[in-house]
Amino acid sequence: MKKNVTMKEKFHYWLDNKLLDGTKSMVYVLLISTLIMILICGVIVAICTDSSMLDGVWKSVTHIFDGGTIGGDEEEPAGYMIPMFIITIFGIVVFSTLVGIINNALESKLSSLEAGNYKIIENDHIIILGFDSEIYSILNELISSNENNIDSSKNGGTIVILDSFLTPQEMRDQVDTHIVDKKNTKIIYRKGIIYNTGNIEKCSANTAKNIIVNIENDSVTLKCVLAANLVLKKYNNTTTKIIASMKEKDNQSAAIKAIGDRLVLLDFDNMIAKMIAQSSRFKGISEVFEEIFSFDGSEFYYEPAPRFLNGENIKKAILYYDNSTVIGKYSSLGKTSLIPTSSKDLKIEEGDKLIFLAEDDSLIKCSEKASEFEEIPGNNVDVNSLGAPSTVLILRYSNKLELVLDELFLISSLTNVTIVLEKSVFSDPNVEKHINYIKDKFVDNKINVIVIDTFGINEIERVVVESNPDSVIVLGNKTGVIEIAADEELMRAQCEREDAQIMFILLLLRSVANDKNYSFTITSELHYCENQKLARDTGVDDFIVGSSIKNMICAQIADDVSRLDLFLDLVTSDGTEISFRYADEIFKVGYTYNVVDIKMYLANRSMVLVGYKHAKNGEERIILNPANSDTVAFNEDDIIILLV
């Protein structure tokens, strides 16, 4: 049986809904109530005082807006005083309520602004999806880039960060702690689910320069790029790129098929493996990678080629730029051609841009006259030839182990490789299968696998004595579990434990080296930059922080997407790579060379001089992008840094 709803219940229901609708509805209800009260009191006054209806309404209005008006009504009749007293009290209540509504509305708006719940209107800004401890390296790179970009007519100095967990104030506090001076960069913080299309759209994604997905987890990364792609497709945006990285090959293929050219998907494992292998052979050169891939120091620039060089071989351009190094060109059709991977007759054409390695774009100046050079005596040694025989000790298992071995056997004449694994890791069937595959793959090389209970001082000393290594490599993660962890916080905790164990092993290695008077280089992979600072006192020669390198490259591409092909060429296995050779493998030791002669000697052999590590007066210095006018006399232990 249906229950009849009374008018009172209906009115309360209507009033409740209006009050829940927000500030506008509450003001609307208050206004209606006031008008009704004015009319009622106006009618009563008109009847009791024999005045007109209009006069009664006016008196009601004056009393409701000014409570002091009733003070002049002492001689009026009771029929007038009572309704005027009531409406005066009503007016006080109305204005008190209105002040409360406005106050609550302002507090709600401020809370909403603090939470980042407002639409952003920016142009040429960069959006970062995800906030973690590695975001600071991205921000530092973008801030350095914006510092050089001081064109106030462009709003390219804005970064928008969207995170699912931290509030804008929490993000702001953390960034302010790590980055005190933001130069001319404005950072906007937003909280919201990072793979929600509405949240991404509110970040003005359709007018963004590029979008960086700063997430370690593949599944979350995939959801982010799909959501960002939907927003960009909605606005038919074909210029904004989504920059991300994934570890699993299947996930990479799925993302590329779903999104296409709008997605810039980077796979860094091969590149990090090369860095680890190169750093293990050449002491102290990991900082070369950091400087080249960051906006600090020497970096890559694109500048229009002078018209008088049209039709000339690109090697001729080297002679016209003293304080910068020409490494290739970027055609008007958007194709990147680097000297090491292009034909020897690569010519400059109309509309081409030259790609430079320079400390600052202000130093890229074309001279009116070409530098003079002459053919110099070299050792005519193939730069791809194997280095001196050596032994390597690799501690801990990583999914990059095979890639590191590929590179080690490519650049070194290894006589022995010892791989040390913990029993708990080797008991994993997938790890054991991979190790057996590696042993079969390198069957012609001497590879020893040692399984230990745990990494302790006795075990470390035993494997060092048995292998007598020239270099030791400590790899980053022992199994793939970190790369497929479903929870971002769990992944972070696992990586922190990994770094802690690595630092413990580094301390043990240095202790053994000191006690037993061993001399070997130590190269270590770490997950996080802040742990690199803590581990410096362990005596490690080189650190490779994969996430930092990844963030540097992502920031470079996000700042200028034309750099994409250049970095893809540098990170792929069959592209151009940064290589190192001892100076005496290529040049005569003790002979004074003009740098321009060295550059042309190498360019004629499809190589580019990036710089060198040079010892002078007992001090070792890494010199990148040396000027054509400089001179150098190499020592035996000097290292040449090349693009090959």
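The values are calculated or read from the model by the stated rules, or taken from the named source; none is laboratory data. A quick note: this is a predicted structure, and the numbers were derived from the prediction, not measured. As a convention, Cβ positions derive from the backbone with ideal geometry for all residues, glycine included, and neighbour counts pool all protein chains shown. When the accessible area is computed, the model is the full protein with side chains, heavy atoms only, and any ligands, DNA or RNA have been set aside. Shrake-Rupley method; radii C 1.70, N 1.55, O 1.52, S 1.80 Å.
Taking the criterion of being open to solvent by less than 40 Å² (accessible area, probe 1.4 Å) and more than 14 Å from Tyr601 (Cα to Cα), the residues of region 624-634 that qualify are Leu624, Asn625, Pro626, Ala627, Val632, Ala633, Phe634. Selection of helices (runs of 4 or more DSSP H) fully inside region 7-110 by the criterion of at least 1 residues being in contact with a helix residue (DSSP H, G or I) (Cβ under 8 Å, 6 or more places away or on another chain) and hydroxyl-bearing (Ser, Thr, Tyr) returns 23-49, 53-65.
Among the residues making up region 506-533, those that are farther than 30 Å from Ile243 by Cα and either at pLDDT below 70 or buried (at least 22 other Cβ atoms within 10 Å of the Cβ) (or both) are Leu506, Leu509, Ile522.
State yes or no: is Gly260 open to solvent by 20 Å² or more (accessible area, probe 1.4 Å), of a type in the set (Gly, Ala, Ser), outside any loop (DSSP other than H, G, I, E, B) and farther than 14 Å from Lys550 by Cβ?
Working: open to solvent by 20 Å² or more (accessible area, probe 1.4 Å): yes; of a type in the set (Gly, Ala, Ser): yes; outside any loop (DSSP other than H, G, I, E, B): yes; farther than 14 Å from Lys550 by Cβ: yes.
Yes: the conditions hold for Gly260.
Scanning region 444-478 for residues that are of a type in the set (S, T, N, Q) and without any contact (Cβ under 8 Å) to a residue 40 or more places away in the chain yields a total of 4.
So how many residues does region 230-251 have that are surrounded by 19 or more Cβ atoms within 10 Å (Cβ to Cβ) and either over 28 Å from Asn399 (Cβ atoms) or of a type in the set (Ser, Thr, Tyr) (or both)?
From region 230-251, those surrounded by 19 or more Cβ atoms within 10 Å (Cβ to Cβ) are 231-232, 240-246; that's our starting set.
In the following step, the residues that additionally are either over 28 Å from Asn399 (Cβ atoms) or of a type in the set (Ser, Thr, Tyr) (or both) were identified as 231-232, 240, 245.
Looking only at that region, the number is 4.
Among residues that are more than 36 Å from the chain's Cα centre (by Cα), assigned to a helix (DSSP H, G or I), more than 23 Å from Leu624 (Cα to Cα) and modelled with pLDDT of 85 or more, Asn448 is not included.
Against the definition (at pLDDT below 80 and either within 23 Å of Ser286 (Cα to Cα) or part of a helix (DSSP H, G or I) (or both)), how does Gln494 come out, yes or no? Criteria met by Gln494.
Could you check region 205-226 and list, in sequence order, the residues that are touching a Phe, Trp or Tyr at 6+ places or on another chain (Cβ under 6 Å) and surrounded by fewer than 24 Cβ atoms within 10 Å (Cβ to Cβ)?
Result: Asn206, Lys223.
I'm trying to understand the selection: among the residues of region 619-634, which are polar (S, T, N, Q) and part of a strand (DSSP E or B)? I'd like the intermediate steps shown before the answer.
Taking region 619-634 and keeping what is polar (S, T, N, Q), we get 625, 628-629, 631.
Listed by number, the list holds a single entry, Thr631.
Looking at Leu30, Leu35, Leu20, just one residue is surrounded by 14 or more Cβ atoms within 10 Å (Cβ to Cβ) and within 60 Å of the chain's Cα centre (by Cα), and that residue is Leu30.
Kindly evaluate Asp637 against the criterion of being part of a loop (DSSP other than H, G, I, E, B), surrounded by fewer than 21 Cβ atoms within 10 Å (Cβ to Cβ) and either over 35 Å from the mean Cα position of the chain (by Cα) or touching a residue at least 60 places away in the same chain (Cβ under 8 Å) (or both). Judged against the criteria, Asp637 is a match.
Restricting to region 199-219, give me the number of residues that are assigned to a helix (DSSP H, G or I) and in contact with an Asp or Glu (Cβ under 8 Å, 6 or more places away or on another chain).
Step one: of region 199-219, the residues assigned to a helix (DSSP H, G or I) are 199-202, 205-207, 218-219.
Of the ones still in play, those that are also in contact with an Asp or Glu (Cβ under 8 Å, 6 or more places away or on another chain) are 207, 218.
Summing the residues that are assigned to a helix (DSSP H, G or I) and in contact with an Asp or Glu (Cβ under 8 Å, 6 or more places away or on another chain) in region 199-219 gives 2.
Find the residue count for region 294-315, including only residues that are hydrophobic (A, V, I, L, M, F, W, C) and either open to solvent by 30 Å² or more (accessible area, probe 1.4 Å) or on the phi > 0 side of the Ramachandran plot (or both). Can you show your working first?
Step one: list which residues in region 294-315 are hydrophobic (A, V, I, L, M, F, W, C), which gives 295, 300, 305, 308-309, 314.
Of the ones still in play, those that are also either open to solvent by 30 Å² or more (accessible area, probe 1.4 Å) or on the phi > 0 side of the Ramachandran plot (or both) are 308.
Summing the residues that are hydrophobic (A, V, I, L, M, F, W, C) and either open to solvent by 30 Å² or more (accessible area, probe 1.4 Å) or on the phi > 0 side of the Ramachandran plot (or both) in region 294-315 gives 1.
Checking each residue in region 335-356 for being more than 20 Å from Glu577 (Cβ to Cβ) and open to solvent by 30 Å² or more (accessible area, probe 1.4 Å) picks out Asp345, Lys347, Glu349, Glu350, Gly351, Lys353. If we scan region 475-482, do we find a residue that is open to solvent by 60 Å² or more (accessible area, probe 1.4 Å), under 18 Å from Leu508 (Cβ atoms) and at pLDDT 85 or above? No, region 475-482 has no match at all. Look at Glu141 and say whether it is open to solvent by less than 80 Å² (accessible area, probe 1.4 Å), acidic (Asp, Glu), at pLDDT 80 or above and assigned to a helix (DSSP H, G or I). Taking the combined requirement at face value, the residue satisfies it.
Tally up the residues in region 582-612 that are part of a strand (DSSP E or B) and open to solvent by less than 10 Å² (accessible area, probe 1.4 Å), please. Even if it seems obvious, please write down each step before you answer.
Going through region 582-612, the residues part of a strand (DSSP E or B) turn out to be 582, 587, 592-594, 608-612.
Narrowing further to those that are open to solvent by less than 10 Å² (accessible area, probe 1.4 Å): 587, 593, 608-612.
Number of matching residues: 7.
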